[in-house]
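Shown next, in structure tokens, is the structure this report addresses.
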């Protein structure tokens with residue numbers, strides 16, 4: 001399988017490619033993989049998709065994992081963020097808390113499925129914005 005075309009780091013298409021890559025990893029149920037790690041990939045997919053939209057609008061963004069903050073910055077710039085995309089804020093804890101033992105409870109199956117569904121929604125929304 002051929003990897004996607006690469007673009008410069010300031011091109012929103014490159015950020016969207018990276019978002020798609022993270023989403024593919026989130027959806028790939030490899031044996032012996034913690035659901036927390038897959039949820040981290042889902043969070044990263046949503047974060048990079050949101051930042052792709054920000055780049056396309058010439059918005060400088062902070063390098064943070066807080067998806068509610070990033071969406072708020074987009075809205076302040078006049079972007080309409082639909083409610084299903086707003087759910088991305090629920091993914092923020094997967095950026096840090098679930099990556100280390102003992103900082104949170106193990107992720108349950110339904111949480112994982114919800115995380116992937118939210119990430120997919122955000123990536124599809126970003127694709128439509130570019």
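The values are calculated or read from the model by the stated rules, or taken from the named source; none is laboratory data. Note that the structure is predicted; figures quoted are calculated from it, not measured. Ideal geometry is used to build each Cβ from the backbone, glycine not excepted, and the neighbour counts take in all protein chains shown.
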Of the conditions (1) surrounded by fewer than 19 Cβ atoms within 10 Å (Cβ to Cβ); (2) free of Cβ contacts under 8 Å to residues at least 40 places away in the same chain, the single one that residue 37 does not satisfy is (2)
Would the range 68-83 turn up any residue that is touching a helix residue (DSSP H, G or I) at 6+ places or on another chain (Cβ under 8 Å), outside any helix (DSSP H, G or I), within 18 Å of residue 16 (Cα to Cα) and at pLDDT 95 or above? yes
Which one is farthest from the chain's Cα centre (by Cα), of the residues in the range 84-119 that are closer than 21 Å to residue 56 by Cα and crowded, with 18+ Cβ neighbours inside 10 Å? 85
Considering only the range 100-111, I want to know if a residue exists there that is in contact (Cβ under 8 Å) with a residue 24 or more places away in the chain, farther than 27 Å from residue 11 by Cβ and assigned to a helix (DSSP H, G or I). yes
Complete set of residues in the range 1-12 that are closer than 15 Å to residue 50 by Cα and surrounded by fewer than 16 Cβ atoms within 10 Å (Cβ to Cβ): 9, 10, 11
Kindly establish whether residue 45 is surrounded by 14 or more Cβ atoms within 10 Å (Cβ to Cβ) and touching a helix residue (DSSP H, G or I) at 6+ places or on another chain (Cβ under 9 Å). yes
Which of the residues spanning the range 55-83 are touching a residue at least 24 places away in the same chain (Cβ under 8 Å), within 13 Å of the chain's Cα centre (by Cα) and surrounded by fewer than 22 Cβ atoms within 10 Å (Cβ to Cβ)? 65, 66, 68
